[in-house]
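The values are calculated or read from the model by the stated rules, or taken from the named source; none is laboratory data. Since this is a predicted model, take the numbers as computed values, not measurements. Positions of Cβ are generated from backbone atoms using ideal geometry, with glycine treated the same way; all protein chains shown enter the neighbour counts. Surface areas here come from the heavy atoms of the whole protein model, side chains and all, with no ligands, DNA or RNA. Shrake-Rupley method; radii C 1.70, N 1.55, O 1.52, S 1.80 Å.
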Amino acid sequence: MSKGKAGTTDATRLIRAGRTEGVLSNTVGPPIQRGSTVLMPDAASLYDSGKTTYGREGLAAQNALKDALCELEGAVGCQLFPSGVASVTGPLLAILKTGDRLLVSDCAYNPTRRFCDNVLKRFGVDVAYFPPRASPDEIMALGGPNLAAILIESPGSLTFEITDVAGVAALARSRDVITLVDNTWAAGLLFKPLEHGVDISIQALTKYVGGHSDVFMGSACAGTAAMKRKLDDAVVQVGWSVSPDDAYQMLRGLRTLPTRLARHGESGLAVANWLKQQPQVAQVLHPALPDSADHALWARDYTGSCGLFGLVLKPAPAAAVNDFLDSLALFGLGFSWGGFESLAIPSDSQLPKRRHHAALAGPLVRIHIGLEDTADLIADLKHGLAAFDAAR
C-alpha cells in the first residue's frame with residue numbers, strides 16, 4: 001500500500017480521517033460527539049481525574065444538559081441516568097448500605113416501589129412506607145435508629161397527595177438523614193426541592209423535559225458537594241451513561257419547557273374544573289384545585305401546576321371504565337406522560353400494593369392533558385362519559 005505524508009499508509013489516513021482539528025463552528029446547540037475513546041494531549045493526562053478521559057463520563061451534549069439542569073434546580077452537581085426509574089434507583093444505591101432503613105412515600109411510582117421491595121430488601125435495606133399526608137414529626141417517628149434516607153414523591157403518583165417537603169427535610173437534616181424528592185410532576189420548574197433543604201432532586205426527564213414521548217432519561221441533582229460526590233462515584237462504579245443524541249434532545253426540550261408547561265397547567269386546570277361539574281365524576285384529584293385537601297401546601301411551595309391529575313368516577317363496573325376510555329378519540333391510552341399528547345389510563349390495579357391508601361368513591365383514572373385545544377379535549381371527554389353512563 002502506498003505511503004503518504006510522514007510515512008503513513010492510506011489505511012492509516014482513512015482510519016484517522018475526520019478527526020476534529022481546530023475549532024468547531026459556533027452552533028446554537030452543543031456538538032454531538034459520539035465517542036467512547038477520548039484522546040488525551042499527553043501521557044500524564046490519561047489518569048488526570050479532573051479531565052474527561054472516557055466517553056461514558058459525558059461529552060459536550062451531556063455536559064451542556066447537566067449544566068442547564070444545575071441552573072434550573074439550583075444544584076451543585078447533576079448526574080444523568082438512562083431512564084426515569086434509574087434516576088431513582090441510582091441515588092438510592094449511592095447512599096444506602098446493608099442495615100439502613102429507608103422511608104418511602106406510600107404513593108410512590110410503582111417501579112420505585114418494585115425496586116425497593118425487591119432489590120433493596122434483597123441487599124438488606126429495611127424499607128417502610130409512610131402516608132404521604134403524614135406530618136414531618138409522624139414521618140420521622142417511623143424511622144428508628146437506623147434511618148438513613150427518606151424518599152418523597154410529591155405530588156404522589158396516581159392520587160396526587162402533597163407532602164410537607166420542607167418540614168421533613170429540616171427534621172431529617174437535624175438527624176443526618178438524607179432526603180430525596182421525585183420532582184417529576186413539577187419538572188424542576190414549578191417546585192425547587194433543593195431550595196427547601198432536600199439533598200437530592202430527581203426527575204424522569206422522559207416526561208416534561210423531553211416533552212415529545214420519544215426519549216428516555218432521568219436526572220439527579222445534588223444540593224451539596226458531598227451529595228455530588230456520592231452521585232458521581234455511583235455513576236462511575238455502576239456504569240450508567242446516556243447517549244449524546246439523547247442528551248441533545250433533552251436539552252432541546254428543556255429550552256421550551258416553561259412555555260409548554262404553562263400551557264399544560266392552564267389546560268389541565270380548565271379540564272379538571274369542567275370534570276368536577278360532571279354527574280359521572282365523584283372527585284378530581286388535583287392539588288391546584290382550591291377544594292383539594294393539599295391545596296394550602298401546594299400554594300405555599302409551588303408556582304404552578306402541570307397537566308397530570310386523577311379522575312375518580314362514580315361507582316361502576318370495570319367494563320364501564322373501559323367503555324369510557326375506549327370511546328376517547330383524542331386521548332391516547334398509554335403509559336408515561338409529559339409529552340405533547342393527552343393520555344388516560346385506568347389505575348385501580350396499582351392501588352392494592354399501598355399500605356396506607358384510603359378508599360376512593362369509585363374507579364380511578366389518571367389523566368394527562370397535552371397541548372391540544374382544550375375545547376376539543378372536553379368534547380372528547382364528554383363523549384367518553386356518555387359511553388360510561390350507558391355502560392353503567
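Table for the structure above
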| item | result |
| --- | --- |
| Cα coordinate range in segment 348-392, projected on the principal axes (Å, largest first) | 38, 28, 14 |
| Heavy atoms of K121: accessible area, 1.4 Å probe, square angstrom to 10 | 90 Å² |
| Rounded to whole Hz, the Karplus (6.51, -1.76, 1.60) HN-Hα couplings of segment 368-380, x for glycine and proline | 10, 8, x, 9, 5, 5, 4, 4, 5, 5, 5, 4, 5 |
| Amide H contacts under 5 Å for T179, placed H, 5+ residues apart | I150, D199, I200 |
| Förster-model FRET efficiency, 41 Å R0, R173 and N118, C-beta, rounded to 0.05 | 0.90 |
| Long-range HN-HN contacts of S83 with modeled amide H, under 5 Å | G218 |
| Mean Cα-pair separation over length for the chain, i.e. relative contact order, pairs under 8 Å, 6 or more apart, % | 16 percent |
| Rel. contact order, % - alpha carbon contacts under 8 angstrom, at least six apart, segment 29-89 | 26 percent |
| 13 Å beta-carbon shell around L313, net charge (K/R +1, D/E -1) | +1 |
| Per-selection Rg to Rh, segment 241-308 - Cα, Kirkwood hydrodynamic radius | 1.14 |
| Within straight-line cross-link reach of K276, lysines at Cα separation under 18 Å, skipping those fewer than 8 residues along the same chain | K314, K382 |
| Difference of contour (0.36 nm per residue) and Cα-Cα distance, D214 to D42 | 57.9 nm |
| Charge dipole (debye, nearest 20) of segment 194-258; +1 at Cβ of Lys and Arg, -1 at Cβ of Asp and Glu | 100 debye |
| Those aspartates and glutamates that a straight Cα-Cα span of less than 18 Å connects to K97, excepting residues fewer than 8 apart in one chain | D117, D126, D176, D199, D232, D233 |
| Residue-normalised accessible area of the chain, given per residue in Å² at a 1.4 Å probe | 45 Å² |
| At R0 = 41 Å, FRET efficiency that the Cβ-Cβ distance of A379 and N146 yields, to 0.05 | 0.15 |
| Amide H contacts under 5 Å for L308, placed H, 5+ residues apart | I369 |
| Stretch gain in nm, segment A293-D348, where the contour uses 0.36 nm per residue and the Cα spacing is subtracted | 17.7 nm |
| Relative contact order (%) - segment 50-127, alpha-carbon pairs under 8 angstrom, separation at least six | 23 percent |
